[in-house]
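S.K.: This is the structure, below, for whatever I ask next.
None of the figures in this text is laboratory data; all of them are computed from the coordinates on show. Note that the structure is predicted; figures quoted are calculated from it, not measured. Quick reminder, even Gly has a Cβ in these numbers, built from the backbone with ideal geometry, and neighbours come from all protein chains shown.
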Amino acid sequence: MTAKFPEGKHWYCVRSKPKKERAAAAQIASQLGLEVFCPQIRFRRKTARGPVWFQEALFPGYFFVRFDLSLMKRAVAYSPGVLTIPVFHDTYVPVPAEVLETVRKDLDEEETLDAAAPLAVGDETTILEGSMQGLKVKVIKVMPAEDRVGVLLEMLGTLVEAEFPSDALEHRNQLRPAD
């Protein structure tokens, strides 16, 4: 099988070893001087020691490199942390720059996306834990210093104000629109 090479510099998807996207992209950028794009996603996850921020590849196992395939294929394909440059129907398929620009619009200057948008006054959300788990509430106050949120909930036909830790409430996902 001989794959076809598009001519000129294009963006290509590169498959990395698991959890090695950033390292492989950094290696290619520094050693080969090529432009790389390795978007990350930042999210909070509950752990035994409380909520902790994690950062991982937005596209697990993949990142993007802009290069001339006919000149740099071997150098990129054999870089540390790289598994392969994917081929589709015997062709190396360039990724349109417009597609990557669309992804870049949602990222910060460090090419990172926060998965959960912070809650704001007026948002409707759901309690995620405790005896009131699943109850729908409305945010009336945000206290970032204490990482707490004041909400209004209905109990026995009466509106009651309560405070919850921010991580005990469902946050909107920035990757898809709120319902």
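S.K.: Filter the strands (runs of 3 or more DSSP E) completely within the stretch 1-85 down to those with at least 3 residues that are surrounded by 12 or more Cβ atoms within 10 Å (Cβ to Cβ).
M.R.: It comes to 9-16, 35-37, 40-47, 50-57, 62-68.
S.K.: When you scan the stretch 100-137, how many residues do you find that are closer than 30 Å to TRP11 by Cβ and without any contact (Cβ under 8 Å) to a residue 40 or more places away in the chain?
M.R.: 5
S.K.: Hey, can you tell me all the residues within the stretch 114-141 that are of a type in the set (Val, Ile, Thr) and either buried (at least 16 other Cβ atoms within 10 Å of the Cβ) or over 29 Å from LEU58 (Cα atoms) (or both)?
M.R.: THR125, ILE127, VAL137, VAL139, ILE140
S.K.: Restricting the search to the stretch 154-173, which residues are under 32 Å from the mean Cα position of the chain (by Cα) and either without any contact (Cβ under 8 Å) to a residue 60 or more places away in the chain or in a loop (DSSP other than H, G, I, E, B) (or both)?
M.R.: ALA162, GLU163, PHE164, PRO165, SER166, ALA168, LEU169, GLU170, HIS171, ARG172, ASN173
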